[in-house]
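The values are calculated or read from the model by the stated rules, or taken from the named source; none is laboratory data. This one's a predicted model, so the numbers in the text were calculated from it and none came from an experiment. So basically every Cβ, Gly included, is an ideal-geometry build from the backbone, and we count neighbours across all protein chains shown. Areas reflect the complete protein model, heavy atoms only, side chains present, ligands, DNA and RNA absent. Shrake-Rupley method; radii C 1.70, N 1.55, O 1.52, S 1.80 Å.
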Amino acid sequence: DLKFVENWRALQNRGYTRGAYHYYRPNENSTQQAALFIKNVVLEKGDFPPVLDIEQLPKKQSIAQLKVGIRNWLQIVEKHYGEKPIIYSGERFYKDFLKDDFPEYTFWIANYNFFVENLKPEWRFWQFTEKGSVSGISGFVDVNIFNGTEAELQAMTIGK
């Protein structure tokens, strides 16, 4: 995000709960990806924990190696911030590759294909559209639902 620093500061100054995510590249070194995230994201009390966005299968490695890399990123980032990251992914990728191997993590699931009346308990966040609108932002934005109360959402932030 070419405007990350500017947007990150602006959110803090407006009193919003901030959060940053890393788009995981499965064919690149997970340790280097974690270091890049840590270098660019300074989390403070009241921010959300780090989020790892994993949506792609690897072209140069096995699924088992992909999972080793994901776990490595998660562990490095958790050790640095002292907070367990959240994992963001599409529902299909989550069910096929993540659900059984990362049960100790909070999941943020993207599913734009159908309306879900009752969120699945393991979906802490549900991104239900990428075509929302927000006053002051031109173009479409993602829209999400938190599966819990406002107090539970605030309890997830750093420094609770």
Taking a probe of 1.4 angstrom, what is the accessible area of SER62 in Å², to the nearest 10?
50 Å²
Residues with amide H under 5 Å from that of HIS22, placed H, sequence gap 5 or more
VAL51, LEU52, ASP53
Heavy-atom accessible area with a 1.4 angstrom probe orders ILE137, ILE63, ILE158, ILE54, most exposed first, as ILE137, ILE63, ILE158, ILE54
Solvent-accessible surface ranking, highest first, for ASP101, ASP47, ASP1 at 1.4 angstrom
ASP1, ASP101, ASP47
For region 1-74 and region 92-160, what is the separation of their Cα centres, given in Å?
16 Å
Mind listing the Cα extents of region 1-58 along all three principal axes, in Å, largest one first?
39, 18, 17
How charged is the neighbourhood of ASP100? Take every other residue with its Cβ under 15 Å from the Cβ of ASP100, and add Lys/Arg as +1 and Asp/Glu as -1.
+1
Taking a probe of 1.4 angstrom, what is the accessible area of ILE38 in Å², to the nearest 10?
40 Å²
Provide the per-residue ³J(HN,Hα) series for region 126-140, in order, calculated from phi with Karplus coefficients 6.51, -1.76, 1.60 and θ = phi - 60°, each as a whole number of Hz, with x at glycine and proline positions.
10, 8, 9, 7, 10, 10, x, 9, 9, 4, x, 10, 7, x, 7
Place +1 on the Cβ of every Lys and Arg and -1 on the Cβ of every Asp and Glu in the chain, take the dipole about the Cα centre, and give the residue among PHE97, GLY15, HIS80 whose Cα lies farthest towards its positive end.
HIS80
Low-density loop cleavage sites - chymotrypsin sites (Phe, Trp or Tyr not before Pro) in region 93-160, where at most 10 other Cβ are within 10 Å (DSSP):
PHE114, PHE115
Cα-based reach from LYS95 at 27 Å (exclusive), listing lysines while leaving out same-chain residues under 8 positions away
LYS59, LYS60, LYS67, LYS79, LYS84, LYS120, LYS131
Probe 1.4 Å, all chains present, heavy atoms only: THR106 accessible area in Å², nearest 10, is 50 Å²
Proportion of all alpha-carbon pairs of region 51-118 beyond 15 Å (%):
55 percent
Obtain the radius of gyration and the Kirkwood radius of the chain from its C-alpha atoms and give Rg over Rh.
0.95
When the helices in the chain are scored as -39500 (n - 2.57) per DSSP H run of 4 or longer and the sum is shared across all residues, what 222 nm value do you end up with, to the nearest 500 deg cm²/dmol?
-9000 deg cm²/dmol
Intensity falloff of region 79-130 expressed as log10 I(q)/I(0), Debye formula with alpha-carbon point scatterers, at q = 0.20, 0.23, 0.24 Å⁻¹:
-0.70, -0.88, -0.93
Report the Rg/Rh value for region 10-101, based on alpha-carbon coordinates and the Kirkwood definition of Rh.
0.99
In sequence order, calculated HN-Hα J values of region 26-40 (Karplus, 6.51, -1.76, 1.60; Hz; x Gly/Pro)
x, 9, 10, 4, 5, 5, 5, 5, 5, 4, 5, 4, 4, 4, 9
Each residue of region 145-153 in order: what ³J(HN,Hα) in whole Hz does its phi give by Karplus 6.51 cos²θ - 1.76 cosθ + 1.60, θ = phi - 60°, with x for Gly and Pro?
10, 8, 8, x, 8, 4, 5, 5, 5
Evaluate the Kirkwood expression for the hydrodynamic radius of region 27-67, namely the inverse of the mean inverse distance over all pairs of different C-alpha atoms, and round to one decimal in Å.
12.2 Å
